[in-house]
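Below you'll find the structure, written out as structure tokens, and then a few comments.
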Amino acid sequence: MSDYYTILTPVGIAELVNARAANVTVPITHMGIGDGGGAPVKPTETMLTMVREVYRVPISSITQHPTNPAWLVVEAVLPAAVGGFTVRETSLLGGVGAGGKTLALGNFPESYKPLLAENTSTDMIIKMIIQVSNSAVISLTVDPSVALATNQSIANAMAAHLLAVNPHPQYALAADLAQHILAL
């Protein structure tokens, strides 16, 4: 097993199994960021929550991994104004109904996130990869008050746009214009 990984919690497994049986989706809304209580974390199948959550951020994107369709890449942005701790663990939160359930847990390479008051700071993009048997049962629920885009989400949107047959139907296609000119 890799040094860094993500596992589904027992609650996450139950949510995905029930969603598949009921033909519904499981919303993932937030990523929890934790400092591991000051020590590295190795998630286990029996863990229900992070060791110590220090911040919670809305999910900014969920995309299918380009080479493994069973992997979902979940991204969130830890804003520049947040910090003063070392990121060591992550979690995915959401679920059917009231939500807020811990669906997955992951460990993270120790990364210090400075405060603005320390005269250095930046947005920190955190990615978690989660393996599911059917990615169609996962849905992204976006908080409309949070408008952050990662480089990868922009690249994915541009790639989809460039592959579209007619991405701008309000404009005439070059072939149509050529035929119109020839008809004159």
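Some observations on this one:
- Counting only residues that are open to solvent by less than 40 Å² (accessible area, probe 1.4 Å) and farther than 26 Å from Glu118 by Cα, the stretch 69-94 holds 8 of them.
- Filter result for Ala98 (over 16 Å from the mean Cα position of the chain (by Cα) and among the hydrophobic types (A, V, I, L, M, F, W, C)): yes
- Taking the stretch 1-49 as the range and being assigned to a strand (DSSP E or B) and touching a residue at least 60 places away in the same chain (Cβ under 8 Å) as the test, the residues that pass are Thr6, Ile7, Leu8, Val26, Pro27, Ile28, Thr29, His30, Met31, Gly32, Ile33.
- Boolean, Thr9 is surrounded by 15 or more Cβ atoms within 10 Å (Cβ to Cβ) and among the polar types (S, T, N, Q): yes
- Residue under evaluation Tyr112, criteria (1) at pLDDT below 90; (2) open to solvent by 70 Å² or more (accessible area, probe 1.4 Å); (3) of a type in the set (Ser, Thr, Tyr), criterion not met: (1)
The values are calculated or read from the model by the stated rules, or taken from the named source; none is laboratory data. Since the structure is predicted, the reported quantities are computational estimates derived from the model, not experimental observations. Virtual Cβ from ideal backbone geometry, glycine too; neighbours counted across all protein chains shown. Accessible surface is based on the protein model in full, side chains and every heavy atom, while ligands, DNA and RNA are left aside. Shrake-Rupley method; radii C 1.70, N 1.55, O 1.52, S 1.80 Å.
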